[in-house]
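> I am attaching a structure below and will ask some questions about it afterwards.
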Amino acid sequence: MDVVLAKNAGFCMGVRRAVETTLGMVQKGETAIATFGPLIHNPQVLKLLEEQGVQILTEIPAQATGTIIIRAHGIPPEEKKNLEATGAIIEDATCPRVLKVQAIIDRYKKEGFATVIIGDREHAEVEGLMGYAADTGQVVNNEADVASLRLDGPYIIVSQTTQDEYLFERLKEAILQRYPGGEVFNTICDSTHKRQEEVRQLCQEVEALIVVGGRTSANTKRLGEIAESLGCPVFMVESEMDLVRPALERYGRVGVTAGASTPNWVISRIVEVLANMTEKMPEEGKNAELV
Ligand code: SF4
């Protein structure tokens, strides 16, 4: 099988930085290292960190020792303050691109602007951003959300950094139509932009697309949704164990991309398994099952 690997598959700058920061501490022999929430959304990397003794805190303790690392997606300012009050050393691994969005919201809030975030309400990054916007913030993720927006003064529009660019454009226009005059900041990061553009291009060159990444990774899911919207058969996989041979062997040329938190070693294994598959015509009457 021919396999075309996307150039921008795998770790983005922010994720690499967060993982290297954490592993760097382990290598220096530091003990009592914990991350507040999962550092990134990838089960293989989280397992590796756990094996290295890095714990995941699900709640902020009253007191703590050692180091607590803040995840790449960032957290609300209140939570950061509470972490600092535990007495532990706080290592902030928030991605600089996310810090930039937090700073925009903070600055405009002080000037009396409300914030509209185009993103997934439940996503860790958006929860962090909402912490900066506080009671001036609203999240929209579809047209119905735009219809229920309530704004009565100056406002800004920002985006979750991993938002689908086409969705951002569409919702931004709908918001401006309802409430003209909002200041727009397209805060989708470069890495997301390149990855999504590549998926759109790749879908024209291949018969199917394999998207590698954690099931809880929103940016990975988004890559699959973009390919699907273009009519490209999509297989979402976390590891090579998820590759279903009968379903894949019907294709002669497939593309592989991966979310921003997928490590290279996982992508390489997938490419290797696919490259060793031979194209077979499906038996008549049998449909391939998409993962
Ligand atoms: S996807 Fe973009 S914003 Fe998010 S961690 Fe990676 S580089 Fe930073």
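> Does region 2-51 hold any residues that are part of a loop (DSSP other than H, G, I, E, B), more than 13 Å from the chain's Cα centre (by Cα), in the same structural domain as GLU79 (by TED's automatic domain parsing) and of a type in the set (A, V, I, L, M), and which are they?
ALA32
> Here's something else I'd like to know. Considering only region 81-97, state which residues are buried (at least 17 other Cβ atoms within 10 Å of the Cβ), away from the ligand (no atom under 16 Å from the Cβ) and part of a helix (DSSP H, G or I).
LEU83
> Going by the structure shown, is ILE175 within 26 Å of ALA72 (Cβ to Cβ) and surrounded by 18 or more Cβ atoms within 10 Å (Cβ to Cβ)?
Details: within 26 Å of ALA72 (Cβ to Cβ): no; surrounded by 18 or more Cβ atoms within 10 Å (Cβ to Cβ): yes.
Here the answer is no, as ILE175 does not meet what is asked.
> Let me ask something additional. If ALA134 passes every condition in (1) surrounded by 12 or more Cβ atoms within 10 Å (Cβ to Cβ); (2) modelled with pLDDT of 95 or more; (3) part of a helix (DSSP H, G or I) but one, which one does it miss?
The one condition ALA134 does not meet is (2).
> Okay, next question. Would you check which residues across region 52-80 are within 16 Å of the ligand (Cβ to nearest atom) and in a loop (DSSP other than H, G, I, E, B) and list them? Break it down stepwise before answering.
Taking region 52-80 and keeping what is within 16 Å of the ligand (Cβ to nearest atom), we get 69-75.
Answer for region 52-80, where residues must be within 16 Å of the ligand (Cβ to nearest atom) and in a loop (DSSP other than H, G, I, E, B): ARG71, ALA72, HIS73, GLY74, ILE75.
> Checking SER217 against (1) within 12 Å of CYS203 (Cα to Cα); (2) within 15 Å of the ligand (Cβ to nearest atom): exactly one of these is not met. Which one?
(1)
> Could I ask something else about it? Considering only residues of region 98-131 that are assigned to a helix (DSSP H, G or I) and free of Cβ contacts under 8 Å to residues at least 24 places away in the same chain, which is nearest to the ligand (Cβ to nearest atom)?
ALA103
> Using the structure shown, decide if THR22 is touching a residue at least 12 places away in the same chain (Cβ under 8 Å), of a type in the set (Ser, Thr, Tyr) and more than 25 Å from SER191 (Cβ to Cβ).
Values: touching a residue at least 12 places away in the same chain (Cβ under 8 Å): yes; of a type in the set (Ser, Thr, Tyr): yes; more than 25 Å from SER191 (Cβ to Cβ): no.
Taking the combined requirement at face value, the residue does not satisfy it.
> How many residues are away from the ligand (no atom under 16 Å from the Cβ) and on the phi < 0 side of the Ramachandran plot if we restrict to region 5-33?
Initially, region 5-33 is screened for residues away from the ligand (no atom under 16 Å from the Cβ), giving 5, 23-33.
Subsequent filtering for residues that are on the phi < 0 side of the Ramachandran plot retains 5, 23-28, 30-31, 33.
Here the count works out to 10.
> With the requirement that a residue be among the small types (Gly, Ala, Ser), surrounded by 16 or more Cβ atoms within 10 Å (Cβ to Cβ) and more than 17 Å from ALA93 (Cα to Cα), what does region 1-33 give you? Break it down into steps so the answer makes sense when it comes.
Going residue by residue through region 1-33, those that are among the small types (Gly, Ala, Ser) are 6, 9-10, 14, 18, 24, 29, 32.
Subset that is surrounded by 16 or more Cβ atoms within 10 Å (Cβ to Cβ): 6, 9-10, 14, 18.
ALA6, ALA9, GLY10, listed by residue number.
> Restricted to region 34-45, and to residues that are farther than 23 Å from GLY87 by Cα and away from the ligand (no atom under 16 Å from the Cβ), which residue is surrounded by the most Cβ atoms within 10 Å (Cβ to Cβ)?
Pass one, region 34-45, residues farther than 23 Å from GLY87 by Cα: 40-45.
Those still in the list that are away from the ligand (no atom under 16 Å from the Cβ) too: 43-44.
On the way: PRO43: 17, GLN44: 15.
My answer is PRO43.
> Also: How many residues are crowded, with 16+ Cβ neighbours inside 10 Å and within 12 Å of the chain's Cα centre (by Cα) when one looks only at region 197-215?
Residues meeting the conditions: 2.
The values are calculated or read from the model by the stated rules, or taken from the named source; none is laboratory data. As the structure is a computational prediction, the values presented were derived from the model and not from experiment. Methodologically, a virtual Cβ is constructed for each residue, glycine included, from the backbone with ideal geometry; neighbour enumeration extends over all protein chains shown.
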